[in-house]
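The values are calculated or read from the model by the stated rules, or taken from the named source; none is laboratory data. The shown structure was predicted, so the numbers you read here are calculated from the model rather than taken from an experiment. As a convention, Cβ positions derive from the backbone with ideal geometry for all residues, glycine included, and neighbour counts pool all protein chains shown. The area values use the complete protein model at the heavy-atom level, side chains included, leaving out ligands, DNA and RNA. Shrake-Rupley method; radii C 1.70, N 1.55, O 1.52, S 1.80 Å.
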Amino acid sequence: MTTPQVSTPVAGDARASGASRPPAALGGRGPAALGRRLLRLLAGWLPALPLLVFTLGMLVLPALRLVHDTFALRSGGFGMDNIQKVADNPVDREAIANSLELGALQATLAAAFGMPAAWLISRMRVAGRATWLALMNVASNFAGIGLAFGFVALIGTTGMLTHLLDVSFPATGSFTGMNIAYLYFNIPMFVLLTLPAVAVLKDDWWEAAQVCHATRRQFWRRIGAPVLAPFAAAGWLLIFTWTIGIYAVAYALASGPQSVKLITLQIGATLESSVFGLERAAVLSVLLMLLAIVSTVLYRLAIRRATRWL
């Protein structure tokens with residue numbers, strides 16, 4: 001009986017058979033594999049396509065147009081003349097200084113009052129915490145024209161408290177009056193922004209510090225404050241950026257010629273009258289964009305440092 005012969009492929013045959021395969025079977029480098037890869041990529045980004053189109057049309061393209069109008073000259077070409085005109089205008093310089101001062105003051109006051117409030121709310125029972133969170137949500141979202149009219153009716157020249165207490169409150173359109181109105185929603189907003197961060201401080205850390213005979217002051221100086229400082233800085237930056245970009249409340253409160261001048265109000269006045277040209281509004285808008293970009297970058301750095309404790 002003869003044993004059947006089984007032929008084994010030699011290396012040359014293997015190379016020959018591999019050489020005869022199509023490119024897609026070797027490493028997926030053929031046109032068909034490339035097409036499938038593109039289809040998978042498009043399928044993955046398809047749900048985000050409406051948001052991307054909206055962002056392109058409502059954010060990116062208008063921002064590019066503002067940058068173009070900032071440097072475009074009426075005589076043709078590009079230059080720094082529009083920026084120089086804004087820098088030489090004393091009204092615009094006053095508006096920029098007032099906006100920066102208002103934003104810094106609001107962020108500082110919101111942090112000073114909001115951080116202790118966030119700490120107390122985080123240590124409450126569930127029912128009390130839910131009640132205060134509801135109040136903070138309502139207050140932080142109640143802004144705009146309605147809030148401005150409410151403050152005018154409350155502490156304005158003919159306001160209810162003005163007649164009831166027979167006192168004279170600061171003018172609603174003044175720097176002090178706007179600070180009072182802005183604090184109404186900035187403090188609750190700061191509380192909501194930093195409330196999750198306050199939970200980073202665990203009760204176990206305080207118990208461990210007590211075991212080591214540390215006082216409460218030492219705990220806050222060496223543990224509590226360093227942990228919460230980056231979160232507080234991040235909230236400060238968000239409140240600062242939010243404050244300098246507010247228009248509706250400022251427009252409703254600034255109803256007189258002696259009202260405080262702000263960047264957003266100057267942009268609105270330029271668009272309404274266009275006496276100075278729309279380039280002025282473009283320059284001030286680009287300035288706001290730059291402030292927002294710088295604040296966002298600093299915010300990301302602060303959050304990255306803060307998340308080391310998570």
Exercise. Here are some residues: ARG308, ARG280. Which one is buried (at least 16 other Cβ atoms within 10 Å of the Cβ) and either part of a loop (DSSP other than H, G, I, E, B) or not aromatic (Phe, Trp, Tyr) (or both)?
Worked result: ARG280
Problem set entry | Residue within region 55-74 that is open to solvent by 70 Å² or more (accessible area, probe 1.4 Å) and more than 27 Å from the chain's Cα centre (by Cα) present | yes
For this session: Under 8 Å between Cβ atoms, at least 6 apart or on separate chains: pull out the pairs that start in region 106-130 with a residue that is closer than 18 Å to LEU201 by Cβ and modelled with pLDDT under 90 and end on any residue that is open to solvent by 50 Å² or more (accessible area, probe 1.4 Å) and part of a loop (DSSP other than H, G, I, E, B).
Result: SER122/ALA199
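Here's the yes/no breakdown for (1) aliphatic (A, V, I, L, M); (2) open to solvent by less than 40 Å² (accessible area, probe 1.4 Å); (3) in a helix (DSSP H, G or I):
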{"residue": "ALA181", "(1), (2), (3)": "yes, yes, yes"}
{"residue": "GLN210", "(1), (2), (3)": "no, no, yes"}
{"residue": "PHE219", "(1), (2), (3)": "no, yes, yes"}
{"residue": "PHE231", "(1), (2), (3)": "no, yes, yes"}
{"residue": "GLY235", "(1), (2), (3)": "no, yes, yes"}
{"residue": "PHE240", "(1), (2), (3)": "no, yes, yes"}
{"residue": "ILE246", "(1), (2), (3)": "yes, yes, no"}
{"residue": "LYS261", "(1), (2), (3)": "no, no, no"}
{"residue": "LEU265", "(1), (2), (3)": "yes, yes, yes"}
Seminar exercise, completed: Across region 142-173, the tally of residues that are in contact with a helix residue (DSSP H, G or I) (Cβ under 7 Å, 6 or more places away or on another chain) and touching a residue at least 24 places away in the same chain (Cβ under 8 Å) stands at 12
Exercise. Could you say whether any residue in region 118-141 is of a type outside the set (S, T, N, Q), surrounded by fewer than 21 Cβ atoms within 10 Å (Cβ to Cβ) and closer than 20 Å to ILE263 by Cα?
Worked result: no
For this session: Looking only at region 92-115, count how many residues are under 19 Å from ALA139 (Cα atoms) and among the polar types (S, T, N, Q).
Result: 2
Seminar exercise, completed: Residue hits (region 155-179; open to solvent by 40 Å² or more (accessible area, probe 1.4 Å), assigned to a helix (DSSP H, G or I) and under 27 Å from LEU238 (Cβ atoms)) are PHE175, THR176
Problem set entry | Any chance SER285 is in contact (Cβ under 8 Å) with a residue 24 or more places away in the chain, buried (at least 18 other Cβ atoms within 10 Å of the Cβ), polar (S, T, N, Q) and not in a helix (DSSP H, G or I) | no
For this session: Look through region 11-54, keep the residues that are open to solvent by less than 100 Å² (accessible area, probe 1.4 Å) and either within 30 Å of SER285 (Cα to Cα) or acidic (Asp, Glu) (or both), and return whichever of them is modelled with the lowest pLDDT.
Result: ASP13
